[in-house]
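Below is one structure, written out as structure tokens, with a few remarks after it.
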Amino acid sequence: MIFRKPMEEPDSIEVLPRLLTQALGLLEDEAVVIDNDQIAIFQSEEIGSLNILQNNRLVSEELLAIVRAVRRTEREHRGSVEILRGPLGEGKRKLRVAVTALDEDHILILISDESEKSRVDAIRRDFIANISHELKTPIGALSLLSEAISQAKDEPEAMERFASRIKSEAKRLEGLVKEIISLSQLQGDDPLADAKIIEVDEIVNEAINQAETSAEARNIEIERSGDEGTLVSGDRKQLIMAIHNLIENAINYSPERTRIVIAVKVIDKVVEISVMDQGIGISDDETERIFERFYRVDPARSRETGGTGLGLSIVKHVAQNHGGEIKVWSKLGVGSTFALRLPATDSTLLEDQNVGRRS
């Protein structure tokens, strides 16, 4: 396999030693070789997903600083760097890197993505602590209600009341378990590792279809507007889950016979999927906390609707995992707008994807 410099330099084509390229291809780490102009003359297959190259040129400031130090000191460097997962939001990758000079003109960078392991370990510790507390409430309620029923055998009205409470708590527990499963699946998968080109119209329509029953039960109208034909990259199921959670959240916190608008627009290569409601709104203090796991703006309403406090946390994880972000604007008594913002994808990539499926 031969790797050459970019074609704009036809008179200076170089071929890396075949043994070197073969050895790099066998490594578990990702590899990139750059020249004095920071241009990649070799890169392994998955380098493109790490967001360190742009137009075949090294653009990560952290890595550029390490490369300059290696060139200056002529000593190899080993360490860790953090880079953004995408152009939006705060989602980051933690990369373990080894940088060394091959000769006066070429630098070899070996990269191992440690972000998933670190992220999953941190989330697991936090999640176990949170979920233990949350499960105690419905389980404790079921235990008390079962005792109350055993003591009210001769009181039909009390029996019916307790049975209704048990049904409600069981439904709440079922919803909590489903959300836990969704969150655990979400935390275990990296959607950018095997990203697909996705039509935004399709996933928005699917999310709306999933929420129709809830909307009809509260006489809430769902309206779709905005740009059509937009594309993003990532995991279809995760994105549908995120949009569906935003819609369900809007339904749960809106009065009956109101309207929810789902709008899609593209701004500076960013696809923004917004969900606007006419609900109770959120105070400025609470907008900072609503994406925390198990945080509820209105605990009483959450118990009434079966809310688990995990829905918006799931949305935040999906956004960050896709190199995007989630924004919220709200006013008490007026309503809220949640916007899922994702990097837009070029339509030509969808054509290439479809060609690949047919071949």
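The values are calculated or read from the model by the stated rules, or taken from the named source; none is laboratory data. Just so it is clear, the structure is predicted and the values come from calculations on it, not from any experiment. Glycine gets a Cβ as well: all are built from the backbone with ideal geometry, and neighbour counts include every protein chain shown.
Table for the structure above
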| quantity | calculated |
| --- | --- |
| SER214 being under 20 Å from the mean Cα position of the chain (by Cα) and hydroxyl-bearing (Ser, Thr, Tyr) | no |
| Selection status of ILE203, outside the structural domain of LEU88 (by TED's automatic domain parsing), under 18 Å from GLY279 (Cβ atoms) and in contact with a Leu (Cβ under 7 Å, 6 or more places away or on another chain) | no |
| Conditions (1) part of a strand (DSSP E or B); (2) at pLDDT below 95; number of the one not met by ILE262 | (2) |
| Selection within the range 9-29 - at pLDDT below 70, among the acidic types (Asp, Glu) and surrounded by 11 or more Cβ atoms within 10 Å (Cβ to Cβ) | GLU9, GLU14 |
| Pairs where the first residue, in the range 140-164, is surrounded by 15 or more Cβ atoms within 10 Å (Cβ to Cβ) and the second is in a helix (DSSP H, G or I) and among the small types (Gly, Ala, Ser), C-beta under 6 Å, 6+ apart | ALA152/ALA158; PHE162/ALA148 |
| Yes/no for ASP268 being modelled with pLDDT under 90, at negative phi and of a type outside the set (Gly, Ala, Ser) | no |
| Leading residue by the ranking (farthest from the chain's Cα centre (by Cα)) among those in the range 30-71 that are acidic (Asp, Glu) and at pLDDT below 80 | GLU45 |
| Residue that is nearest to SER313 (Cα to Cα), among those in the range 227-262 that are surrounded by fewer than 19 Cβ atoms within 10 Å (Cβ to Cβ), of a type outside the set (Lys, Arg) and without any contact (Cβ under 8 Å) to a residue 40 or more places away in the chain | VAL261 |
| Residue in the range 188-196 that is assigned to a strand (DSSP E or B) and more than 17 Å from LEU340 (Cα to Cα) present | yes |
| Total residues in the range 220-247, condition of a type in the set (S, T, N, Q) and either assigned to a strand (DSSP E or B) or farther than 17 Å from VAL271 by Cβ (or both) | 3 |
| Number of positions in the range 47-79 that are assigned to a helix (DSSP H, G or I) and without any contact (Cβ under 8 Å) to a residue 24 or more places away in the chain | 8 |
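Every residue, every condition in (1) closer than 26 Å to ASN321 by Cβ; (2) surrounded by 18 or more Cβ atoms within 10 Å (Cβ to Cβ); (3) among the acidic types (Asp, Glu), yes or no:
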{"residue": "ALA31", "(1), (2), (3)": "yes, yes, no"}
{"residue": "ASN36", "(1), (2), (3)": "no, no, no"}
{"residue": "LEU58", "(1), (2), (3)": "yes, yes, no"}
{"residue": "GLU61", "(1), (2), (3)": "yes, no, yes"}
{"residue": "ARG71", "(1), (2), (3)": "no, no, no"}
{"residue": "LEU95", "(1), (2), (3)": "yes, yes, no"}
{"residue": "ASP103", "(1), (2), (3)": "no, no, yes"}
{"residue": "ILE107", "(1), (2), (3)": "no, yes, no"}
{"residue": "ILE111", "(1), (2), (3)": "yes, yes, no"}
